[in-house]
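As structure tokens, the structure follows; a few thoughts come after it.
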Amino acid sequence: MTTIKVPSSVTDALTFAGAATSFYLFTQFARHLYIYLRPSSLDKYRSKDKETWALVTGASDGIGLGFAQELCRRGFNVFLHGRNREKLLGIQERLKAEFPAAKTKIIVFNAGGSTEDIDAIAREVGDANLKVLVNNVGGQTGVSNTYKRLDEMTHDEVEYLLGLNARFTTHITRVLLPVLEKNEPSLVLNVSSIASAGFPWLSIYSASKGYIDSFSGALNAEMKAYGRNIEVMALRVGSVSTAAMDINANLFAPTGRTMASAALNRVGCGEHLVWGYWWHRLQGLGFDVLPRGVMLSAATGRLRQLKEDADRKEKSQ
């Protein structure tokens, strides 16, 4: 038998490559672990000498309500945005009972409609010490069936979903940025979704959340380029147990408040795009390490089931 002698230079190169790969994987693991173990920096956005306000869009229920509750618990006053005044008044009373020391104000504005008078929100905020903006509003509400092919949607449905999930977030951030800049250090949290990976029957929603990811990164870079002390983060979110989702809460589908609390704990982690909830991060690992086709195949199977259920429900009505 002939023995092939591997040159020491090749052996050294392979050893170095293995060590470098191990070091890279270890640093990536440590970096991600740090995000979930470090204490939140949210408190630096709360003024010690005067009242501090946050504004939460889509605060009527779900994750938005969770953000409002957690911000009140952590010492902030909160502007509650929504489109239904009566519902917001009910949330305001609920928060007053749970957090007597916190102040709240309501802002009624249809996020899926025209943004022509978006400056009205800045006028509502006025000279309040606004330091936190949570752009939570979004979803698939406003269409007859949540799961549709693009060519099954009407012009108005497409426009509504684009407005709800992308246009409104952009414009409210634009008009409130001077206020946040005046009161800096300030924080902008934009709620994104696992759907930003691009899912069938959710083309507009998926694309809008992809836009939120990119918008957040670009705005964060813009603030740094101008030396502004404004942190901008996009928060990737998986399944959450809310009235809109109609799923039972479990380890991988937290309540809206648990999701909001986890997201606020990520503030100051140094990332402009982060999975807010640890167990969603574990689910998201599949998109990082597995071929896109494999993950999409699994997602498509589940979404096909949901579409069929939604189609049957629509026909029975």
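So which residues in the range 242-259 are open to solvent by less than 50 Å² (accessible area, probe 1.4 Å) and closer than 19 Å to SER196 by Cα?
ALA253, MET259
Is there a residue in the range 53-65 that is assigned to a loop (DSSP other than H, G, I, E, B) and surrounded by fewer than 19 Cβ atoms within 10 Å (Cβ to Cβ)? Quick ask: steps written out before the conclusion?
Step one: of the range 53-65, the residues assigned to a loop (DSSP other than H, G, I, E, B) are 57-61.
If we keep only those that are surrounded by fewer than 19 Cβ atoms within 10 Å (Cβ to Cβ) too, we end up with 61.
Yes - at least one qualifying residue is present in the range 53-65.
What do you reckon, is ASN265 touching an Asp or Glu at 6+ places or on another chain (Cβ under 6 Å), open to solvent by 30 Å² or more (accessible area, probe 1.4 Å) and either acidic (Asp, Glu) or modelled with pLDDT of 95 or more (or both)?
For ASN265, the condition - touching an Asp or Glu at 6+ places or on another chain (Cβ under 6 Å), open to solvent by 30 Å² or more (accessible area, probe 1.4 Å) and either acidic (Asp, Glu) or modelled with pLDDT of 95 or more (or both) - is not met.
Picking from ALA120, ALA101, which residue would you name as being open to solvent by 10 Å² or more (accessible area, probe 1.4 Å), assigned to a helix (DSSP H, G or I) and at pLDDT 95 or above?
Just one listed residue meets the conditions, ALA120.
Do we find a residue being in contact (Cβ under 8 Å) with a residue 24 or more places away in the chain and under 17 Å from SER60 (Cα atoms) anywhere in the range 116-123?
Within the range 116-123, one or more residues are in contact (Cβ under 8 Å) with a residue 24 or more places away in the chain and under 17 Å from SER60 (Cα atoms).
Looking at SER216, SER208, which one is open to solvent by less than 30 Å² (accessible area, probe 1.4 Å), under 20 Å from the mean Cα position of the chain (by Cα) and more than 27 Å from ASP43 (Cβ to Cβ)?
SER208
Select, from GLY284, GLY238, the only residue that is under 26 Å from THR170 (Cβ atoms), at pLDDT below 90 and either open to solvent by less than 20 Å² (accessible area, probe 1.4 Å) or in contact with a Phe, Trp or Tyr (Cβ under 8 Å, 6 or more places away or on another chain) (or both).
Details: GLY238 fails: at pLDDT below 90.
Answer to the check: GLY284.
Rundown of residues vs (1) touching a Gly at 6+ places or on another chain (Cβ under 7 Å); (2) modelled with pLDDT under 95; (3) open to solvent by 10 Å² or more (accessible area, probe 1.4 Å), yes/no style:
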| position | (1), (2), (3) |
| --- | --- |
| TYR45 | no, no, no |
| LEU88 | yes, no, no |
| ILE91 | no, no, yes |
| LEU95 | no, no, no |
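Quick check on the range 185-193. Is at least one of its residues over 20 Å from ALA68 (Cβ atoms), aliphatic (A, V, I, L, M) and surrounded by 20 or more Cβ atoms within 10 Å (Cβ to Cβ)?
Checked the range 185-193: no residue is over 20 Å from ALA68 (Cβ atoms), aliphatic (A, V, I, L, M) and surrounded by 20 or more Cβ atoms within 10 Å (Cβ to Cβ).
Among the residues of the range 223-233, is there at least one that is surrounded by fewer than 23 Cβ atoms within 10 Å (Cβ to Cβ), more than 24 Å from ARG74 (Cα to Cα) and in contact (Cβ under 8 Å) with a residue 40 or more places away in the chain?
Scanning the range 223-233, I find at least one residue that is surrounded by fewer than 23 Cβ atoms within 10 Å (Cβ to Cβ), more than 24 Å from ARG74 (Cα to Cα) and in contact (Cβ under 8 Å) with a residue 40 or more places away in the chain, so the answer is yes.
Looking at MET245, MET259, can you tell me which residue is modelled with pLDDT under 95 and either in a helix (DSSP H, G or I) or within 20 Å of LEU164 (Cα to Cα) (or both)?
Within the list MET245, MET259, the selection yields MET245.
So which of PHE109, PHE79, PHE67 is among the aromatic types (Phe, Trp, Tyr) and in contact with a Leu (Cβ under 7 Å, 6 or more places away or on another chain)? If you could, list the steps in order and put the result at the bottom.
Working: PHE109 fails: in contact with a Leu (Cβ under 7 Å, 6 or more places away or on another chain); PHE67 fails: in contact with a Leu (Cβ under 7 Å, 6 or more places away or on another chain).
On inspection, the qualifying residue turns out to be PHE79.
Cβ-Cβ below 8 Å, separation at least six or inter-chain, first residue in the range 140-156 and of a type in the set (Phe, Trp, Tyr), second surrounded by 16 or more Cβ atoms within 10 Å (Cβ to Cβ): which pairs?
TYR147/TRP201; TYR147/LEU202; TYR147/LEU303; TYR147/LYS307; TYR147/ALA310
Six or more apart or on different chains, Cβ under 7 Å: which pairs go from a residue in the range 289-304 that's surrounded by 12 or more Cβ atoms within 10 Å (Cβ to Cβ) to one that's of a type outside the set (Lys, Arg)? Could you list them?
As it stands, the answer is MET295/GLY286; MET295/PHE287; ALA299/PHE199; THR300/PRO200; LEU303/TYR147; LEU303/PHE199; LEU303/PRO200; LEU303/TRP201, since those pairs meet every condition given.
The values are calculated or read from the model by the stated rules, or taken from the named source; none is laboratory data. Given the structure is predicted, the values throughout are model-derived calculations rather than measurements. A quick note on method: Cβ atoms are made from the backbone with ideal geometry, for glycine too, and the neighbour counts reach across all protein chains shown. Only protein heavy atoms, including side chains, enter the accessible area calculation; ligands, DNA and RNA are left aside. Shrake-Rupley method; radii C 1.70, N 1.55, O 1.52, S 1.80 Å.
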